[in-house]
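One structure is given below, encoded as structure tokens.
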Amino acid sequence: MSFDGRTRTYSINEFRMTTQLRGTAIICRTPENPKPHFSWLDGGFEGEMLKQNSYSRAHMIETPDGLVRLERDTARSQPGTRRRFPQQAASLQTRWCSSALKIDVGRRALNNQARFDGQRVLFITGERREESANRARYNQLEPHACDRRQGRKARHVDAWRPVLNWSEDQVWDALRRHRIAAPVPYRLGWGRSSCMTCIYNSPRVWATLAHYFPERVQRIADYEREFATTISRARIDVLEQAARASPFEIHDAEALLQASCHDYTLPVLTSGAWKMPAGAFGAELCGST
């Protein structure tokens, strides 16, 4: 399991809500029948990173009627080569993981399902203004990039950021009041629910990964050598970054075990006393802003 989040869509009669956090997509049709539908890039992060003089792979979209494979339009694009990790930058062409693995997947899932045509769709994301100067400029409600309310398909899509003006205190208080278990990354000491091996990880986060998940860090270091390009703009490979810091001391054995599993099995609601996670209000970098 990596620490990337999910996209969830809930259909309530004629009103659909889509929540994109990070990464894969989950679609729940109704509260009474919350069967998940996933959407993803075939080959995932690694397949896109290893692209060499070829087209990006297809998008896979689960729908109520079955799995749809959306191939690339090769008539309107050219083969390309990546052969390097995304780089720390505001541009999504340079930091391509966000666009290739999240934004494009969500866009094609919305644009290529007739069930959204003529419907009102609410696309919900969880950014907050205090997270960065860039997010401080976001609008709370605006038409989504896939909105075609005036077009032939009459697809009305609004983007809504309900917690945009919340403080981190308010976020944790809401989880506590509703007895929602803290996400695994925060329980392990991460200050953000991002990808486990995010390119923005601080040396201390890399040190923690090297201590508890050494095979993950070694695999990345091997690719850095193969590409002759490090994740760090300072040309410091992940093994050296890890060696420069001390790892978190993780005492939550349940969360640590879950982090190494492919399937999520922990309860969403907590039955015991709610506990503030170790990573709450953390200052260590471990995700883009």
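Each value in this text was obtained by applying a stated rule to the coordinates, not by laboratory testing. For clarity, every value in this text was computed on a predicted model and none was experimentally measured. Glycine also receives a Cβ, built like all others from the backbone with ideal geometry; neighbour counts cover every protein chain displayed.
When you check Thr270 against the structure, is it among the hydroxyl-bearing types (Ser, Thr, Tyr), closer than 20 Å to Phe45 by Cα and touching a Lys or Arg at 6+ places or on another chain (Cβ under 8 Å), yes or no?
Values: among the hydroxyl-bearing types (Ser, Thr, Tyr): yes; closer than 20 Å to Phe45 by Cα: no; touching a Lys or Arg at 6+ places or on another chain (Cβ under 8 Å): yes.
No, not satisfied.
Under 9 Å between Cβ atoms, which residue pairs at least 6 apart in sequence (or on different chains) link something in the stretch 148-160 that is without any contact (Cβ under 8 Å) to a residue 60 or more places away in the chain with a partner that is surrounded by 15 or more Cβ atoms within 10 Å (Cβ to Cβ) and of a type in the set (Ser, Thr, Tyr)?
If the second residue must be surrounded by 15 or more Cβ atoms within 10 Å (Cβ to Cβ) and of a type in the set (Ser, Thr, Tyr), the pairs left are Val157/Thr18; Ala159/Thr125; Trp160/Thr125.
When only residues in the stretch 268-284 that are surrounded by 10 or more Cβ atoms within 10 Å (Cβ to Cβ) and not hydrophobic (A, V, I, L, M, F, W, C) count, which is farthest from Ser132 (Cα to Cα)?
Only one residue fits best here, namely Thr270.
Do you know which of the residues in the stretch 243-267 that are assigned to a loop (DSSP other than H, G, I, E, B) and of a type in the set (Asp, Glu) is surrounded by the most Cβ atoms within 10 Å (Cβ to Cβ)?
Kept after step one, since they are assigned to a loop (DSSP other than H, G, I, E, B), are these residues of the stretch 243-267: 244-252, 260-267.
With the extra rule that they be of a type in the set (Asp, Glu), the set shrinks to 249, 252, 263.
Working: Glu249: 9, Asp252: 18, Asp263: 6.
So, considering only residues that are assigned to a loop (DSSP other than H, G, I, E, B) and of a type in the set (Asp, Glu), the one surrounded by the most Cβ atoms within 10 Å (Cβ to Cβ) is Asp252.
Please tell me if Ala207 is out of contact with any strand residue (DSSP E or B) (no Cβ under 8 Å at 6 or more places or on another chain) and either in a strand (DSSP E or B) or within 18 Å of Ala283 (Cα to Cα) (or both).
Numbers: out of contact with any strand residue (DSSP E or B) (no Cβ under 8 Å at 6 or more places or on another chain): yes; either in a strand (DSSP E or B) or within 18 Å of Ala283 (Cα to Cα) (or both): yes.
Criteria met by Ala207.
Quick check on this structure: which one of Arg235, Arg244 is free of Cβ contacts under 8 Å to residues at least 60 places away in the same chain and more than 26 Å from Glu131 (Cβ to Cβ)?
Details: Arg244 fails: more than 26 Å from Glu131 (Cβ to Cβ).
Exactly one of Arg235, Arg244 is free of Cβ contacts under 8 Å to residues at least 60 places away in the same chain and more than 26 Å from Glu131 (Cβ to Cβ), namely Arg235.
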